[in-house]
Amino acid sequence: MNKIGVIGDLINSAYGRARRAWAAKDLEGYQKLAMSQTQQGSDFIDVNIDSTTRVSVKKEEMLAFLPDLIPALQEAATTPLCFDNPSFDFHKVAMEAYDFHKSAPPIINSIAASREQLDDFMGLIKQYNASVIVIASEKLMKDGSAPCETAEDVYETAKQFVDMLRTKANTKNNQIFIDPGLPPVGADTQGLVNMGLDAIKLMRADKDLEGIHISVGLSNFAWGIPKQLRATMERAYLAVAGELGLDFSISNPDHNPTPLSLDDSYVTGLKDALQQGRPMDGEAMSEAGFRQASAILALVTADDDDDDDW
């Protein structure tokens, strides 16, 4: 299994330290988060200062703060940044503030079928020779976008965006990160975890996609699982997906986001639960989804008498 790179996600107001730094516009606090993640070996540092359930952030506030924040982060650590926001304006301001002499080119996180100004994004990616994360769990439609329903949908969406990036932005495969989607496994009754895993297999089998990176937002996966097991389950997923070709995750470096051994009981338990989530002949997805959820619940409560966090 190849090493799974880390895009450290601690500069995100979902975390208390980042939330406090935002409230005080504390550049030193953000610098400490950058240095900590660099010291833990993160390959990139994700920069997400958007609203969360706990803090409301206006777009104008973000755009005004980026020209101060980005130089401060680059002063603290040379690790390249990953700009995380759906807004084209956010990325334009971020790129203008980024010092390409101090760090390798950043990642634009992200483009997707539902994004506005896709052509503008292509121009920005080309102008700065940036890497890019593609959200492939949304498919392009004639009149907009729609959620992918199958692994083949995700795979075809990935191919469309890779072709678009090559043609319009002169992007090389090794600058492209495909995110096949990763929902909370405890609430996944529609087979979406398996859909993403199957899409990874399809992408890795396609010679035309050779060299691309495949990445997921790992912190989503263990949402709702007892806190003491969240990092373990994240690492179990990395083992399962890494075996198929996942090579990056947007994750919390404090959680040691490295794959568990393939023979670890949580890895084998997760594989079994996901297999149970595959419908049998004539069976509805909801039935298989319930069986998968039950197996996940049994896995994470087997050694824990208190499942109030579930």
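Each value in this text was obtained by applying a stated rule to the coordinates, not by laboratory testing. Computed from a predicted structure; not experimentally measured. With ideal geometry, Cβ positions are generated from the backbone for all residues, glycine too; neighbour counts draw on all protein chains shown.
Quick look at the values:
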item	result
Partner aspartates and glutamates for Lys168 [C-alpha distance under 14 Å; skip if fewer than 8 residues away on the same chain]	Asp119, Asp120
Sequence-distant aspartates and glutamates (8 or more away, or on other chains) whose Cα lies within less than 12 Å of Lys58	Asp50
Spread of Cα-to-Cα distances over 20 Å intervals beginning at zero, given as percent, for the chain	32, 59, 9
Nonlocal amide H pairs with Thr52, under 5 Å, H built at 1.01 Å	Val57
Under 18 Å from Lys3, Cα to Cα: aspartates and glutamates that are on another chain or at least 8 residues apart	Asp43, Asp179, Glu210, Glu234, Glu243, Asp247, Asp254, Asp263, Asp264
Contour excess over end-to-end distance, with Cα ends at Asp264 and Glu283 and 0.36 nm allotted per residue	3.8 nm
Stretch gain in nm, segment Phe290-Ser114, where the contour uses 0.36 nm per residue and the Cα spacing is subtracted	60.4 nm
Separation in nanometres of the label points that stand 7 Å from Cα toward Cβ, at Asp163 and Met141	2.0
Filter on Lys159/Lys201; Lys32/Lys59; Lys25/Lys59; Lys25/Lys126 - keep pairs with C-alpha separation over 20 Å	Lys32/Lys59; Lys25/Lys126
Dipole moment magnitude, nearest 20 debye, the chain about Cα centre, only Lys, Arg, Asp, Glu C-beta charged	880
Tilt relative to the chain, helix 265-276 - C-alpha long axis, 0 to 90 degrees, to 10	70
Whole-Hz ³J(HN,Hα) from phi, Karplus 6.51 cos²θ - 1.76 cosθ + 1.60, for segment 277-287, glycine and proline x	x, 8, x, 7, 3, x, 9, 6, 4, 4, 5
Hz values of 3J(HN,Hα) by residue in segment 289-296 - Karplus curve (6.51, -1.76, 1.60), Gly and Pro given as x	x, 5, 5, 5, 4, 5, 5, 5
